[in-house]
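What follows is a single structure, written as structure tokens, with notes after it.
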Amino acid sequence: MAYYMYVSLQDDDKILNYAMDPGTGKLTPGADIPAAGGPSASAISPDRSTFYVGLRNSQELCSYRIDPNTGGLTQTSKVPVEASPTFLSTDRNGKFLLSAYYQGAHVAVHHIGDDGSVGDKPIVWLETAPAAHAIQTDRSNRFAFVPHIARMNDSVMNPPGDKLGPNVIFQFRFDEKTGELTPNSPLKVEQQEFLGPRHFCFHPTLDVVYFSDEQGGSVTAYRQDALTGTLTAFQTITTLPDGFSGRNTCSQIQITPSGKFLYVPNRGHNSIAGFSVDASSGQLTGIGQTPTESVPSAFSLDPDGNFLFAAGSESDRLASYRINSSTGALTPIETYSAGKRPMGVLITNQGG
């Protein structure tokens, strides 16, 4: 089975293609893919045949067919959107492409063709609120969530006059036949603290959803009602070590396929926070922070959950780590020069 990694370089207008050794985690560069327009957020179809990327500067969505023998990408569609795409995902069946627009204050749903191409016009173009940062459907493919972070006007990452986000999670019902989104009840999960929910991931077997809290420097775990799809928070746990007082924001979040370990990058502390996951409750226990590249805005686990790769959007490097299958601890392996502003990292396997 072949393993390939894709790294979106927003300021270099290209996508890096690496072959990954599943035994050692070593990366071998392949042919770069030109992608003018600022490639950033990306997604891979459930059948692993198509790679999707959002172009933030040119405000477009692109699809590429993945060559299973080389990992090479061949463009199959490019469609305009009305704002800069911030996050992409497909529904669980790979029939629809969902996207979130941070500055555009919207989410969208596009139809996906039989060849993986993106439909010209969105089925859904729905206004939510400023700072919409992600959208995904749940494991049942019947519900979707859209976290909105909270921005501070004096933030280094927030220009003066930038709109503030509402610090809530929007809840929707998703029709897997039509792609339509309809408000769930309640529509919003209000945050009791200044957390700023940003990205999220689903436990592989439990009805539990984990959100990275950008401003809170934490992870919040929610129970999902299997019938109604609504969320109820049951734990918030810090991503930072005791005594740290510097500025920090959390970025993405991923859980291993086994459901044993969860990871969240810290931007500011510049580390990867790790957590062990209780198999019956989904409760998190911190297992420490591992130093990483400066401003780790994007990272990815490999499909087997044996390796973690973190990209420094300020250092322009990609760091690799081996995951201890018993403890979840990260052991540094190698650091690679990537390119200007790596903002998306995804890994897929082919042939199995």
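Derivation of every value follows stated rules applied to the coordinates shown; laboratory data play no part. On a predicted model such as this, the values are computed, not experimentally measured, just so you know. Cβ coordinates were reconstructed from backbone atoms using ideal geometry, including for glycine residues, and neighbour counts include every protein chain displayed.
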Most fluctuating residue given options L181, L330, L164, as computed from a GNM of the chain linking Cα atoms under 10 Å: L164
Computed magnitude of the charge dipole of region 1-111 (debye, nearest 20; Cβ of K, R +1, Cβ of D, E -1): 240 debye
Max mean-square fluctuation residue, GNM over the chain, Cα-Cα springs under 10 Å, options E293, E176, E334: E334
Most fluctuating residue given options T137, T228, T239, as computed from a GNM of the chain linking Cα atoms under 10 Å: T228
Nearest-0.05 FRET efficiency for R142 and T232, computed from C-beta distance (R0 22 Å): 0.80
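What pairs from K26/K340; K95/K340; K78/K340; K95/K188 go past 30 Å between their alpha carbons? Please list the in-between numbers first.
Working: K26/K340 21 Å; K95/K340 32 Å; K78/K340 23 Å; K95/K188 26 Å.
Beyond 30 Å: K95/K340.
If R0 is 22 Å, what FRET efficiency do you get for E127 and N57 from their C-beta distance, rounded to 0.05? Walk me through the intermediate numbers first.
Values: r = 22 Å, r/R0 = 1.02.
Once rounded, the FRET efficiency stands at 0.45.
Determine, for T28, T50, the number of other Cβ atoms within 10 Å of each Cβ, and report the residues in order from fewest to most. All intermediate terms of the calculation are to be shown ahead of the outcome.
Values: T28 10, T50 25.
Ranked by crowding around the Cβ, least crowded first: T28, T50.
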Within region 87-231: Cβ-based charge dipole about Cα centre, in debye rounded to nearest 20 (Lys, Arg +1; Asp, Glu -1): 120 debye
Region 205-278 versus region 71-149: alpha-carbon centroid distance in Å: 23 Å
Full-extension gain in nm, A279 to S294, via 0.36 nm per residue minus C-alpha separation: 2.2 nm
Estimated FRET transfer efficiency (A31, S258; beta-carbon r; R0 35 Å; 0.05): 0.60
Under 15 Å from the T24 label point (7 Å along Cα→beta-carbon), backbone N, region 320-352: 320-322, 333-336
Magnitude of the charge dipole, the chain, Cβ model with Lys/Arg +1 and Asp/Glu -1, debye to 20: 120 debye
